[in-house]
Amino acid sequence: MKITHTDLQGVVVVETSPYIDHRGAFACLYDKRDLEAAIGGRRIVQINHSRTSAVGTVRGMHFQYPPHAEIKMVRCLRGRVWDVAVDLRAGSSTFLRWHALELAPDNARMLVVPEGCAHGFQVLEPESELLYLHTALYAPEAESGVSCNDSRLGIAWPLPVEGLSLRDLGFPPLDVNFSGIAA
């Protein structure tokens, strides 16, 4: 596994090198030894899978408040997505900045999104599927999000934003006094 640090503190890109032969391919998707620095000794406690049908659909920007904050590791199993992490951490040197990259099976990348960052994605190919590894269990009472079109964030979505869920449509833009999520 090759780990590349991004311009957002704690957000890393993990690239795997699949073994390919006449039978097909094999790849290690998670190795605790390689990812120890990225997840700080935390354990994976939940694995989720999503499938999104329509191109242009955005899911996000989601996060959980402490004490249920989580690290998410996101990989695309089918299709292509524009995957985005936004730093919402109080006091962070990269506060309100975002990092995005394309995830697809053929680029074998995974985005590691640390606690205190919001996560979302836009579908670039129909029937795209994502695999998420989480270091905290889903806690509905701690879940929240911000508008994917928040002008303070200025996320450059590659396509017009479509297909938002009612929940995602209900996330407000950040209040001008928003100073971040406490650790």
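Read the figures in this text as sums done on the coordinates, not as results from a lab. Remember, predicted model here, so these are calculated numbers, not experimental data. When we count neighbours, we look across all protein chains shown, and the Cβ atoms used for this are built from the backbone with ideal geometry, even at glycine.
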Checklist entry - Looking at this structure, is residue 29 of a type outside the set (Val, Ile, Thr) and within 22 Å of residue 94 (Cα to Cα)? => result no
Checklist entry - Of the residues that sit in region 140-176 and are part of a loop (DSSP other than H, G, I, E, B) and among the polar types (S, T, N, Q), which one is surrounded by the most Cβ atoms within 10 Å (Cβ to Cβ)? => result 147
Checklist entry - For region 29-44, what are the residues that are under 16 Å from residue 74 (Cβ atoms) and either assigned to a loop (DSSP other than H, G, I, E, B) or of a type in the set (Phe, Trp, Tyr) (or both)? => result 29, 30, 42, 44
Item to check | Leading residue by the ranking (farthest from residue 166 (Cα to Cα)) among those in region 56-73 that are β-branched (Val, Ile, Thr) and surrounded by fewer than 22 Cβ atoms within 10 Å (Cβ to Cβ) | outcome: 71
Checklist outcome for this item: For region 1-28, the count of residues that are within 19 Å of the chain's Cα centre (by Cα) and part of a strand (DSSP E or B) equals 8
Checklist entry - What number of residues in region 72-114 are over 11 Å from the mean Cα position of the chain (by Cα), part of a loop (DSSP other than H, G, I, E, B) and not small (Gly, Ala, Ser)? => result 6
